[in-house]
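Got a structure here, written out as structure tokens. Questions coming.
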Amino acid sequence: MRRWPRLFTASKEHLASRQLPVTKFLDALRSRSPVADGRLPPGQVLTTKWPVLHYGDVPQVDTRSWTFDVAGLVDRPFTLTYDELLALPRKTVQCDIHCVTRWSRLDNTFEGVAVHLLLERARVKPDAQYCLVGAEQGFTTNLALTDLDRPDNLIALKWSGEWLTPEHGGPARLLVPHLYFWKSAKWVRGFTLVDQDVPGFWEQNGYHMRGDPWKEERYGGRGLTQHDINRLRSLSKKRV
């Protein structure tokens, strides 16, 4: 499994306080936004743009050496090159996306390889209940297998008919549109199937363990302590 990124220190109170000015501004915008026929989760504001948000720099990804790994609690672990990923059958998904920073964009069209196809190929073991998603620069995020293995989830390659730009996660990003968009990890590099819910980068720093926009699962989650985080890290390493 790829190395874990170094934690930065940010309390839940600090994260919440930084959101207050933005929240007031977005709430004002929301009051002027057209009704989206029940498609806009609570606390969200419509945008026609696709804002660029991420932690750290945009990585320089060489597709000649890029690989995607599926490992952990699977019967058939495997590694794909970028060319091998491109050769797999593709699917097009139209969906709405919702960012934890409170913007939502409707009617997006993504094209890519269905996550279900990769999980099926790996033959996930019955005791695998969660996935730790790995990405460039050691970034990780966690997903329940029931959230990962859904028809609209992709390893996305294109958006609106164009190849994903590096700023938006190209050459490949995860797409999990029913959860807040930080779960759709940019620059994705693999799945590690595990039997416990191991927190990823943002989840270690105050974000929710699941991230359902309709329940406003932004922050807090399980309130993991540093002891919990260290224990779960150890468990994940033993299972890969």
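Go through (1) part of a helix (DSSP H, G or I); (2) at pLDDT below 95 and name the single condition Trp182 misses.
Of (1) part of a helix (DSSP H, G or I); (2) at pLDDT below 95, only one is false for Trp182: (2).
I'd like to check something: does region 171-187 contain any residue that is at positive phi and out of contact with any strand residue (DSSP E or B) (no Cβ under 6 Å at 6 or more places or on another chain)?
Just the residues of region 171-187 that are at positive phi, to begin with: 187.
So of that shortlist, the ones also out of contact with any strand residue (DSSP E or B) (no Cβ under 6 Å at 6 or more places or on another chain) come out as none.
Within region 171-187 (the criterion being at positive phi and out of contact with any strand residue (DSSP E or B) (no Cβ under 6 Å at 6 or more places or on another chain)), the answer is no, since none of the residues qualifies.
Inspect all residues belonging to region 171-184 and state whether any of them is open to solvent by less than 10 Å² (accessible area, probe 1.4 Å) and more than 9 Å from the chain's Cα centre (by Cα).
yes
Filter region 105-139 down to residues that are in contact (Cβ under 8 Å) with a residue 24 or more places away in the chain, assigned to a strand (DSSP E or B) and open to solvent by 10 Å² or more (accessible area, probe 1.4 Å) and give me whichever is farthest from His54 (Cα to Cα).
At the first step, the residues of region 105-139 found to be in contact (Cβ under 8 Å) with a residue 24 or more places away in the chain are 105-106, 108-119, 121-125, 127-139.
Narrowing further to those that are assigned to a strand (DSSP E or B): 105-106, 108-114, 124, 130-135.
From what's left, open to solvent by 10 Å² or more (accessible area, probe 1.4 Å): 105-106, 109, 111, 114, 124, 130, 134.
Values: Arg105: 17, Leu106: 20, Thr109: 21, Glu111: 21, Ala114: 24, Val124: 30, Tyr130: 24, Gly134: 15 Å.
Ranking the qualifying residues of region 105-139, first place goes to Val124.
Quick one: is Ala87 out of contact with any Ser or Thr (no Cβ under 8 Å at 6 or more places or on another chain) and either open to solvent by 20 Å² or more (accessible area, probe 1.4 Å) or of a type outside the set (Val, Ile, Thr) (or both)?
Numbers: out of contact with any Ser or Thr (no Cβ under 8 Å at 6 or more places or on another chain): yes; either open to solvent by 20 Å² or more (accessible area, probe 1.4 Å) or of a type outside the set (Val, Ile, Thr) (or both): yes.
Considered against the rule, which asks whether it is out of contact with any Ser or Thr (no Cβ under 8 Å at 6 or more places or on another chain) and either open to solvent by 20 Å² or more (accessible area, probe 1.4 Å) or of a type outside the set (Val, Ile, Thr) (or both), Ala87 comes out as yes.
The values are calculated or read from the model by the stated rules, or taken from the named source; none is laboratory data. Computed from a predicted model, the values in this text were never measured in an experiment. Cβ coordinates were reconstructed from backbone atoms using ideal geometry, including for glycine residues, and neighbour counts include every protein chain displayed. What goes into the accessible areas is simple: the full protein's heavy atoms, side chains included, and nothing from ligands, DNA or RNA. Shrake-Rupley method; radii C 1.70, N 1.55, O 1.52, S 1.80 Å.
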